[in-house]
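Reviewing the structure listed below.
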Amino acid sequence: MTEVTPRTKLSSNTFGLAVNEMLASASTGGEDGQSTASTSDEDGQSAAPQKKTLNKTGSTQTTQVFFMIGCQRSGSNWLRTMLSEREDLIAPHPPHIMRDFMPRLEKYGDLTEQRNLKVLIDHVCAFVERNQVQWLDLHSRPMKFNHAAILMEVIITIECFHFKEKLIAKEEGREVVFNEKVDNPYYLVAIFDAIMGAMTKANGKKIWMCKSMGMSQFHDLLLSFYGKERLRYIYLVRDPRDVCLSFMKTPVGDCHPYAIAKKWAKLQNFAFRIMHETPDLIHHIFYEEVLSNKERQVAKVIKFMGARSVCRSMRRGSVVAIKSNNDVVSGAKKGREAVLACHLSYQFKNLGRGDSFTKGQFKKWAKEMSDKDLVVVESVALKEMQLLGYEPGLILTKDDCIDFTEELQEKCSAANKTLIEKMNADLAISNPKDLQRRKIQAAVLEKTTMEHFNGEFVKKFSIDVDGALESIDSIQNDKGFQRLLNSEFDFQNWPANASKAGFQPDKEVQERFEVQEKQKLKLKGGLTITFAAASQGGYYPSERDKANQDAYIAGAPVSDAKRTLFLKKKKSGILFAVFDGHGPSGAECARHARAYVEENFVNVMKHDRLKKGLDQSIHVSSILETSYHDASSYLEKGGGGVNGSHSGTTATSLFVTKDFLHTANVGDSRCLLIEPNLHGKPSVVALTVDHTPDREDEIKRIEAHGGIVMSSDQYDNNDLTYNGLDPNFQQKRIWSKSGKWPGTAFTRSIGDAVAKKLGVSADPECANFSMPTSNAMFVLGSDGVFDFVPDEEVGGIVQKYADDPEKACRELVGKAWNRWCDNEERSDDITVIVGHVKHLSRGILGNVQRQFTRRVGL
């Protein structure tokens, strides 16, 4: 074999110039008399009829859409799984809707007839639902498309498309004439777009990428449909000899080197044409360069795709933590897309292996491909190989190429067919389930228009564009359950039957729930405090085993330094607190802060006699403030082995004495005082004020330290007035002028060393309130409660269970959980403490006891 020389590395400019030069010479026909940019698809089918490209998009949306193009067996699934780790992107395994339905469109007839359109939607949805690698929603449930929603989306999209088309035609002084053969493909791409949009929405993402590598053949259709503003391509290139070798080893697609090389060359020519005509829409990447430095190459693709943004499931997070590019790459092998596919078929086996498989992937053909097969591949694809910089191994000039006569081509096709039959026979033995999945999906393509998967939809459902516009939002937002009312659900026994209130099975919710049952403590001065606490670990669809990052102190007694007549120390106060951790080490931060604050506060207080009046308020506030500062410094310096640079915790404390309620707060957890009303709603007073970027005084401090306050979308667009794709919810956050960090939704915390540089403070706001003269109740909770259960409703629930704080805790947690799932399709960690404060009876016995207490100095 001739010595193999390394592939010449081409820069983007060099590659682009080479493509332009080749296409310029080919514009009048290639050397074989055929245009180099063929309009045939991967299987030799005719591509979509070409239509005049519009200079305005026909789509109703503005977000960009991404198509990975090139050829299969080029590492496309590997790249797909890495990009799928991007927070805002969904890139499911492709069912090849356009490739497989475009040649079959004729059987569906005129798609302006709604019945015909409904049959096509029914078949396409069934085809995707039976994909070889199953599509899942955010909650890992198999995707079941809402056919009516897809129909509405298609009707609206086509209406907008034709409206714009008519405007453009009017400007150009021409009439628009309907042509079924031309317009039907637009209905198919509208269905495709609606399905990709439904998958994106069902996973809480913002953008999607289709990895159907042959979509380059539909460039005219896609450009006309999406426009230059939205359409983008990621062109993945691999040496055709390695592509051929991979196909020949893998039970998928063609098996003969001639057929494989022919398809590879066609697909490169489709991509060349896109690069020549619309170079700004395409980013090319070589598989060999990904092998040598995947972090760098993936970073380039991510940059091409634009700024990463906060998706729906992240928007209420205390911290927006955008993964580093290296984390995107390294997380792929354990990501959902890789885990889903790697055990299903031989063709996906490398997805779960990480870096180990890359070592032997470079130029495998030089070691493993026979000279006979090598000559075939290089004879077919020599021109495209040389353009891409791949040096031939045996074929040095065009004269060395095999002359593929019509007879020889027929022999190669017959051999390919025989090899495919053998491949399927072997697959039936080695992996019958894989073969069965493929057959089940392929069977959908053979259905007649009289055969339906959702007959009710095809036969009975119909809607016009006005009805679609009116109904689309409500039907798309159906999550499969409704916000539950007390009459429908027994929240007081949470987490019983929790699966009805959210997305997780009962057992999973129950395993992540803890309750501190009702306790009763007596305080010096005749007060009795009955309290309970509950904490529910949150539901994070992509991280279902994520540790509960909340912690709490429920009833830490502080004894008076002075002993009583009976040589016993009386409880002078009781400490309660809630800590809501955040960031990579949030759970550890919350637990360390809890231990630090409790130990410091209790140890200091037990050696100091509790003062009275104003002195008590100053004394307690000073101890709490010192405890908070010390705990924050401990975490910021990495105390306990905890990385407190980008992690920390809120802290809301309540110290109850016979005369006062003392509070200290950093962050957005909260403390309420509830005074019951037997004849109506209770009085609810917030004893703390949340520290968020909505407070003007907090904003001034942040800006004075060089921070910026705006939403994530506003930061990405450098525009304070920008409302983004989610105008009803724009969470203000703190950002640096030098980069998109730290993204905190709070302005004070314990820990968070990096955020401290931008003015995030550990200084607690301390307040002191006189003890109510009548019985009262208090609540401490993380924002997991208060984000969706208003203060007044919290007060009503606590009053309802005046004799049982544990039931109040359970109901508050259950209601908050249900509303999180209803609004966000996830749930934050939820922690709540409920306490009832009762004064000693005012009867004769009570007065005698009080007099005795005063006399002996209790």
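The values are calculated or read from the model by the stated rules, or taken from the named source; none is laboratory data. From a predicted model like this one, the values you see are computed outputs, not experimental measurements. Every residue, glycine among them, receives a Cβ derived from its backbone with ideal geometry; neighbour counts consider all protein chains shown. For accessibility, only protein heavy atoms count, side chains too; no ligands or nucleic acids. Shrake-Rupley method; radii C 1.70, N 1.55, O 1.52, S 1.80 Å.
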Note on region 770-816: residues of a type in the set (Gly, Ala, Ser) and surrounded by fewer than 24 Cβ atoms within 10 Å (Cβ to Cβ) are Ser770, Ser774, Ala776, Gly795, Gly796, Ala802
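Residues are listed down the side, and each one gets a yes or a no for (1) among the small types (Gly, Ala, Ser); (2) closer than 25 Å to Glu277 by Cα; (3) in contact with a Lys or Arg (Cβ under 7 Å, 6 or more places away or on another chain):
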site	(1), (2), (3)
Glu165	no, yes, no
Ile191	no, no, no
Ala198	yes, no, no
Lys201	no, no, no
Leu236	no, yes, no
Val243	no, no, yes
Val252	no, no, no
Ala259	yes, no, no
In the set Lys439, Lys447, the lone residue that is open to solvent by 40 Å² or more (accessible area, probe 1.4 Å) and touching a residue at least 12 places away in the same chain (Cβ under 8 Å) is Lys447
Taking first residues from region 810-824 that are of a type in the set (Gly, Ala, Ser) and second residues anywhere that are assigned to a helix (DSSP H, G or I), the pairs with Cβ under 7 Å that are 6 or more apart or on different chains are Gly814/Phe491; Gly814/Ala501; Ala816/Gly784; Ala816/Val785
> Any residue at all in region 650-660 that is touching a Lys or Arg at 6+ places or on another chain (Cβ under 9 Å), open to solvent by 10 Å² or more (accessible area, probe 1.4 Å), more than 23 Å from Gly759 (Cβ to Cβ) and not in a strand (DSSP E or B)?
Replying inline: yes
- Consider Thr112 carefully, then state whether it is among the β-branched types (Val, Ile, Thr) and surrounded by fewer than 16 Cβ atoms within 10 Å (Cβ to Cβ). yes
Here the residues within region 391-429 that are closer than 18 Å to Leu374 by Cβ, hydroxyl-bearing (Ser, Thr, Tyr) and under 50 Å from the mean Cα position of the chain (by Cα) are none
- prompt: Given the structure, is Cys125 among the hydrophobic types (A, V, I, L, M, F, W, C), crowded, with 24+ Cβ neighbours inside 10 Å and within 21 Å of Phe225 (Cα to Cα)?
  reply: yes
Reported set for region 269-306 where residues are in contact with a Lys or Arg (Cβ under 6 Å, 6 or more places away or on another chain) and under 20 Å from Tyr226 (Cα atoms) is Leu281
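Give the residue that is most open to solvent (accessible area, probe 1.4 Å), with candidates limited to residues of region 512-551 that are under 24 Å from the mean Cα position of the chain (by Cα) and of a type in the set (D, E, K, R).
Looking at residues that are under 24 Å from the mean Cα position of the chain (by Cα) and of a type in the set (D, E, K, R), I get Asp545.
Can Gly638 be described as open to solvent by 10 Å² or more (accessible area, probe 1.4 Å) and either within 18 Å of Ser782 (Cα to Cα) or touching a residue at least 12 places away in the same chain (Cβ under 8 Å) (or both)?
no
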Check: Hey, does region 162-177 have a residue that's touching a Pro at 6+ places or on another chain (Cβ under 7 Å), modelled with pLDDT under 90 and surrounded by fewer than 21 Cβ atoms within 10 Å (Cβ to Cβ)?
Finding: no
When every residue in region 523-542 that is touching a Lys or Arg at 6+ places or on another chain (Cβ under 6 Å) and aromatic (Phe, Trp, Tyr) is compared, the one farthest from Val578 (Cα to Cα) is Tyr540
Only one of Ser774, Ser782 is out of contact with any Phe, Trp or Tyr (no Cβ under 6 Å at 6 or more places or on another chain), of a type in the set (Gly, Ala, Ser) and at pLDDT 95 or above, namely Ser782
Matching residues in region 128-155 (aliphatic (A, V, I, L, M), closer than 18 Å to Gln441 by Cβ and open to solvent by 10 Å² or more (accessible area, probe 1.4 Å)) number 2
Only one of Lys228, Lys263 is open to solvent by 10 Å² or more (accessible area, probe 1.4 Å), under 28 Å from Asp183 (Cα atoms), under 33 Å from the mean Cα position of the chain (by Cα) and of a type outside the set (Asp, Glu), namely Lys228
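Of His646, His619, which residue is touching a Lys or Arg at 6+ places or on another chain (Cβ under 6 Å), open to solvent by 10 Å² or more (accessible area, probe 1.4 Å) and not in a strand (DSSP E or B)?
Just one listed residue meets the conditions, His619.
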Over region 817-827, the set of residues buried (at least 24 other Cβ atoms within 10 Å of the Cβ), of a type outside the set (A, V, I, L, M, F, W, C) and out of contact with any Lys or Arg (no Cβ under 7 Å at 6 or more places or on another chain) is Ser827
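For region 717-732, indicate whether the set of residues that are charged (D, E, K, R), closer than 27 Å to Phe788 by Cβ and touching an Asp or Glu at 6+ places or on another chain (Cβ under 8 Å) is non-empty.
Yes, the conditions are met somewhere in region 717-732.
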Turns out the helices (runs of 4 or more DSSP H) fully within region 663-761 with at least 2 residues that are in contact with a Lys or Arg (Cβ under 9 Å, 6 or more places away or on another chain) are 696-704, 712-717
Report yes if Lys164 is closer than 18 Å to Ile121 by Cβ, out of contact with any Asp or Glu (no Cβ under 8 Å at 6 or more places or on another chain) and charged (D, E, K, R), otherwise no.
no
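So that you can scan it fast, the table gives a plain yes or no per residue for (1) touching a residue at least 12 places away in the same chain (Cβ under 8 Å); (2) open to solvent by 70 Å² or more (accessible area, probe 1.4 Å); (3) of a type outside the set (Val, Ile, Thr):
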{"position": "Ile395", "(1), (2), (3)": "yes, no, no"}
{"position": "Lys398", "(1), (2), (3)": "yes, yes, yes"}
{"position": "Lys411", "(1), (2), (3)": "no, yes, yes"}
{"position": "Ala414", "(1), (2), (3)": "no, no, yes"}
{"position": "Glu421", "(1), (2), (3)": "no, yes, yes"}
{"position": "Leu427", "(1), (2), (3)": "yes, no, yes"}
{"position": "Phe457", "(1), (2), (3)": "yes, no, yes"}
{"position": "Ile463", "(1), (2), (3)": "yes, no, no"}
With criteria (1) within 18 Å of Gln549 (Cβ to Cβ); (2) open to solvent by less than 10 Å² (accessible area, probe 1.4 Å), Met605 comes up short on (1)
Scanning region 76-129 residue by residue, those closer than 25 Å to Asp183 by Cβ and in a loop (DSSP other than H, G, I, E, B) turn out to be Pro94, Pro95, His96, Gly109, Asp110, Leu111, Thr112, Glu113
